[in-house]
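The values are calculated or read from the model by the stated rules, or taken from the named source; none is laboratory data. It should be emphasised that the depicted structure is a prediction, and the values quoted were computed from it without experimental measurement. Note that we place each Cβ from the backbone using ideal geometry, even for glycine, and neighbour counts take in every protein chain shown. Ligands, DNA and RNA are stripped out before the accessible areas are found, and what is left, the full protein with its side chains, is counted by its heavy atoms. Shrake-Rupley method; radii C 1.70, N 1.55, O 1.52, S 1.80 Å.
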Amino acid sequence: MKRLIKIERKKLRTFSKEHNYFIIDEDEKVTHLAEVEKMCELYNCEQLRNLVERLEKDKTKSREVFIREMNKLNNKMEEERIEEAQMTGKTSAEGSSKSGAEWGTEELQLMIKAIKLFPAGTVNRWEVCAEFINQHNDSEPRTPKEVISKAKEMQSGNFAMSSLKEEVNKMAYENLQKGQNKKVLEIAAKESEASQRTETSAEMMGINNSTWNPDEQKLLEQALKTFPASTPERWDRIAEAVPNRSKKDCMKRYKELAELIKAKKAAMAAAKKS
């Protein structure tokens, strides 16, 4: 699927470039180029394929098709922003009045991850975010409206992940101070301590725990294509192609990405069915 979406993105970019980004004067070029990239980022494989087919169907009308698509996407994003703003105006009493509806630290962490995975413009974004949270959590299922409301309540319209994380940490600390959920927090503290020990041991074993930068990610992706599963000593050769990263680093990163893609697909599929 990842390979297919890359192909469709390339088709859109190539067609757009060949038709000078559908402009009638140079003032439009930067805006249209940005809109093409936005579509490449937000659209799935099927949406991209459909758009390219419509653009290619009648090249004399490709500008009209593109302008319509651009307005449609931006209107949809604006509708989402309005919906989020309306949810902000409502009191959180509606959600908290339900039995067991109080948000736990684990749920909030899942919400942060979901907002990162499914950015603005994602089809049925809040339904997908709610499905993702519900699939990875055993507590009472969350509705899309509850997810929007809580996200807006926490961040007042600004979905910067650092601030959301600060809020989660603050809640965990307050729970500890009040003596609530002590058992859960004690378990979390032990897991955190174990995680720190694992990371320290990992560093001693030569594993690089620093964040992967875009260049390293590109090199890894290229190496995965260059050395397929049938390649002898595959991971050794992949590691050689990525400077400053060991064999274990590359394997760990590959596993993380595979799990992330799997979780994303499951959430989107579930949201589509509902």
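Name every residue in the range 220-274 that is open to solvent by less than 70 Å² (accessible area, probe 1.4 Å) and of a type in the set (Val, Ile, Thr), in order of residue number.
Selection gives Thr231, Ile238, Val242.
Considering only the range 218-237, state which residues are among the aromatic types (Phe, Trp, Tyr) and over 13 Å from Tyr254 (Cα atoms).
Residue satisfying the conditions is Phe227 alone.
Restricting the search to the range 116-139, which residues are assigned to a helix (DSSP H, G or I) and within 16 Å of Lys272 (Cβ to Cβ)?
Those that are assigned to a helix (DSSP H, G or I) and within 16 Å of Lys272 (Cβ to Cβ): Leu117, Arg125, Trp126, Glu127, Val128, Cys129, Ala130, Glu131, Phe132, Asn134, Gln135.
State all residues of the range 106-127 that are β-branched (Val, Ile, Thr) and surrounded by fewer than 17 Cβ atoms within 10 Å (Cβ to Cβ); if no residue qualifies, say none.
Within the range 106-127, Val123 is the sole residue that qualifies.
Do you know which residues across the range 209-219 are of a type outside the set (S, T, N, Q) and open to solvent by 60 Å² or more (accessible area, probe 1.4 Å)?
Pro214, Asp215, Lys218, Leu219
Do any residues in the range 229-255 that are under 18 Å from Ser210 (Cα atoms) and modelled with pLDDT under 90 have Cβ atoms under 6 Å from those of residues that are of a type in the set (Val, Ile, Thr) and not in a loop (DSSP other than H, G, I, E, B), where the two are at least six apart or on different chains, and which pairs are they?
Cys250/Ile238
Among the residues of the range 8-18, write down those that are of a type in the set (Phe, Trp, Tyr) and open to solvent by 100 Å² or more (accessible area, probe 1.4 Å).
none
Per-residue answers, yes or no, for (1) out of contact with any strand residue (DSSP E or B) (no Cβ under 7 Å at 6 or more places or on another chain); (2) open to solvent by 70 Å² or more (accessible area, probe 1.4 Å); (3) without any contact (Cβ under 8 Å) to a residue 40 or more places away in the chain:
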residue: Asn20; (1), (2), (3): yes, no, yes
residue: Thr31; (1), (2), (3): yes, yes, yes
residue: Lys38; (1), (2), (3): yes, no, no
residue: Leu48; (1), (2), (3): yes, no, no
residue: Glu53; (1), (2), (3): yes, yes, yes
residue: Ser62; (1), (2), (3): yes, no, no
residue: Val65; (1), (2), (3): yes, no, yes
residue: Arg68; (1), (2), (3): yes, yes, yes
residue: Glu79; (1), (2), (3): yes, yes, yes
